[in-house]
Amino acid sequence: GVGLGGGGSGRCMRSRAGAGGTVLVDDVRYNIEPFYQDGPITNVVDSVVNEGLPYFSSAGNDGQNAYEAPFRDSGQQGVLSGSAPAHDFDPGSAVDTLQRITIRPGGTFRIFTLQRTDPSALVEGSAGPDTDLDVALVNDTLGVVSQSAGSNVRTGLPVEGVLEHTNTGAIDADQDGAADSTFHLVIEKAEGPAPDQVKYIHSGREYAIEEHDTRGPTIYGHPTAEGAMAVAAAPFFNTSAYNPNADPATLEAFSSKGGLQIRFDRNGNPLSTPESRAKPDVTGTDRIDNTFFGTDIPDDALGGIDADPHPNFAGTSAAAP
């Protein structure tokens, strides 16, 4: 395969129909699965469901960790190419080509996937993108510390990723004797027309998007299949079975939110009306006991609700099965 798996814990539980399986469940996504078009995995999920097998897929653990906006040509050059105009993050009259991001020492900022409203040649028979976007993370003096600059038109994939930077404390661009914690994201258009929308999903630890943080939907790929049951997560101790005040159950803050629209058909043609799908479909419990994965909830926590030695497994990876 092509691309990088992610989402959930990275584990996958599968049952093959030919081996007598009656239910399928997974928690793996790939960063090249299209945001705005049904990809090959999505189409297979629908075909399996049409054969009568229920398919459950973890919604993901990205909450609303997404930036999405129309691509706005700032009229200023990017940092990777002098001929590539940079995206203007400021939706108002001002121009801001640098999205400020704090990454504290020891922290990591990651863009798992950045896409735009173009079709994907990953889908057999589909047209590919006519736009090439690149993305870079820079320090205060515009020195590039991480980048993703694939040739999207050549590959046929409207995707940039993965961009990742861990703040090891080695960068002091302003030479003030202290490790830098302020960085900036730059998105630039290397080729083609401006896309209607540009969107990225981010993750990591000890970081913060300090400006122009639109937040938004983070469920994409095969959990958005019409036939798939995308599963959100609620901790077992915040369900009515254990907490009378939790009816309905209280979602985990990290449980991914839905709302992305499908904009292209299988051939890559724009849909006359974008298709909305209500995701996630159901909520399952997480932070449940298992024999090997996670960390045990202390016996004296939450009123002693989990007074046992077994580790507790958090995430939509736990909720889906």
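Here are some notes:
- You can think of it this way: the chain between residue 197 and residue 147 has 16.0 nm of extra reach, that is 0.36 nm per residue less the Cα-Cα gap.
- Angle between the chain longest axis and helix 40-50 axis [Cα atoms, degrees, rounded to 10]: 30 degrees
- The stretch 124-171, accessible area per residue, ligands and nucleic acids excluded (1.4 Å, Å²): 42 Å²
- Choice from 117, 285, 273 with maximal GNM fluctuation in the chain (Cα, 10 Å cutoff): 273
- Within the accessible area of the chain (1.4 Å probe), percent carbon and sulfur: 48 percent
- Listed values for the stretch 252-269 are Karplus-derived 3J(HN,Hα) couplings in whole Hz (6.51 cos²θ - 1.76 cosθ + 1.60, θ = phi - 60°), namely 5, 4, 7, 4, 5, 9, x, x, 5, 9, 7, 10, 10, 7, 5, 8, x, 7, and x replaces Gly and Pro.
- Within the listed set 266, 116, 205, the residue fluctuating most in the Gaussian network model of the chain (springs between alpha-carbon atoms under 10 angstrom) is 205.
- Ranked by the mean number of other Cβ atoms within 10 Å of their residues, highest first, the peptides 62-69, 154-161, 239-246 fall in the order 154-161, 62-69, 239-246.
- Spacing of the modelled spin labels on residue 94 and residue 307, each 7 Å from Cα toward Cβ, amounts to 5.6 nm.
- Using a probe of 1.4 angstrom and keeping all protein chains present, the accessible surface of the stretch 172-224 works out to 39 square angstrom per residue.
- The length gained on full extension between residue 267 and residue 206, counted as 0.36 nm times the residue separation minus their Cα-Cα distance, comes to 17.8 nm.
- For residue 254, no residue whose modelled amide H falls within less than 5 Å of its own remains once neighbours fewer than 5 places apart on the same chain are excluded.
- Averaging the Cα positions of each part gives two centres, and for the stretch 228-270 and the stretch 120-167 these lie 28 Å apart.
- Cα→Cβ-extended label distance, 7 Å offset, between residue 214 and residue 44, nm: 3.1 nm
The values are calculated or read from the model by the stated rules, or taken from the named source; none is laboratory data. As the structure is a computational prediction, the values presented were derived from the model and not from experiment. We place every Cβ from the backbone using ideal geometry, glycine too, and count neighbours over all the protein chains shown. To get the accessible areas, we keep the full protein, side chains included, count just its heavy atoms, and leave off ligands, DNA and RNA. Shrake-Rupley method; radii C 1.70, N 1.55, O 1.52, S 1.80 Å.
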